[in-house]
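In what follows, a structure is listed as structure tokens, so that the remarks can point back to it.
The values are calculated or read from the model by the stated rules, or taken from the named source; none is laboratory data. For clarity, every value in this text was computed on a predicted model and none was experimentally measured. Cβ: placed from backbone, ideal geometry, glycine included. Neighbour counts: every protein chain shown. The accessibility values were calculated without ligands, DNA or RNA, using every heavy atom of the protein model including side chains. Shrake-Rupley method; radii C 1.70, N 1.55, O 1.52, S 1.80 Å.
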Amino acid sequence: SSDKTIPGSSSRTTKENPTLNEGQEQSGTCPLEGVPTLAFPSISTADFQFNIEKASEIIVETVEEFVNKIGNARLVLVDLSHGSKILSLVKTKAATKNIDPKKFFTFVGDITKLRSRSLHCNVIANAANWRLKPGGGGVNAAIFDAAGPELDTATKKRAGSLTPGKAVTVSLPSTSPLFSKEGVTHVIHVLGPNMNPKRPNCLKNDYNMGCKVLREAYSSLFESFASIVR
Ligand code: AR6
């Protein structure tokens, strides 16, 4: 095994105590889990058609409010492509704020495959639908696919539906591939405001209400993550 190439490691490295990296040593938490990290997608800005300029403002403001209330834990906004407009807007806006770049940053990748990109996130957020149903495309379909039927079962035990602006935390059983392969212990489902007339609860471009609900969605998400970390 690769342990043999590290002098002295065979005696010190056990199942529970693999070689530590810098971030893990600083964290003071279980070395296997590393620094508690929430990966989250941009809620409502794709299928739900929420304005990305307004959404980026809300993401940066709520991150700024919460990032210092979660100890050494990290928040990471994830999107699929390097061309992501929401990632670049958020990056630009976050740089003008007093936000520690080690505790909040953006990342390009599939939220269900972050470990292979060397980003370990123990918690991921889902941009859910109000019935908390698998499928339907977007990040919701990707997360339910990757987590296997275990996520649907565990979700149903927690809640049958979600109101816009609210979040629900689901503990993943260790039999879920998302747990065993990615080290994800919790999925937080979040329902954002919907501006798409083809989806339920469309706000018909009412951005007074929309912004209020999106702000509430991120606050609920970060509060839920804080409760897991505490
Ligand atoms: N990894 C990371 N980010 C992703 C991934 C992924 N695998 N897939 C999509 N994104 P959306 P919404 C990004 O449409 O607008 C669903 O059908 C995507 O680029 O998933 O809140 C649900 O069932 C975008 O930045 O969520 C709901 O009915 C972000 O994730 C509805 O869509 C959110 O895009 C929710 O719509």
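Structure notes:
- When all protein chains stay in place and ligands, DNA and RNA are ignored, the 1.4 Å accessible-area order of LEU80, LEU203, largest first, is LEU80, LEU203.
- Calculated [222 nm] ellipticity per residue, helices only, for the chain: -11000 deg cm²/dmol; basis is -39500 (n - 2.57) per DSSP H run with n ≥ 4, divided by all residues, nearest 500.
- Computed accessible area, ILE111, all protein chains, 1.4 angstrom probe, square angstrom: 10
- Ranking of GLU57, GLU182 by solvent-accessible surface, largest first: GLU57, GLU182 (1.4 Å probe, protein heavy atoms only, all chains present).
- Shape class for the chain: prolate, because the ratio a/c of the largest to smallest gyration tensor axis (alpha-carbon atoms, square roots of eigenvalues) is 1.5 or more and a/b beats b/c.
- Inter-site label distance for LYS133 and LEU80 at 7 Å from Cα along Cβ, in nm: 2.1
- Between ASN205 and LYS97, the contour length at 0.36 nm per residue exceeds the Cα-Cα span by 36.0 nm.
- Cβ-derived FRET efficiency at R0 30 Å, ARG158 paired with LYS69, nearest 0.05: 0.80
- Accessible surface of the stretch 30-229 [probe 1.4 Å, protein heavy atoms]: carbon and sulfur percent: 53
- Length-normalised contact order of the chain in % [C-alpha pairs under 8 Å, at least 6 apart]: 20
- Positive-end residue of ASN201, SER220, ILE111, charge dipole of the chain with Cβ unit charges: ASN201
- Cross-link reach is defined here as a Cα-Cα straight distance under 19 Å, omitting same-chain residues fewer than 8 places apart; for LYS204 the lysines meeting it are LYS54, LYS212.
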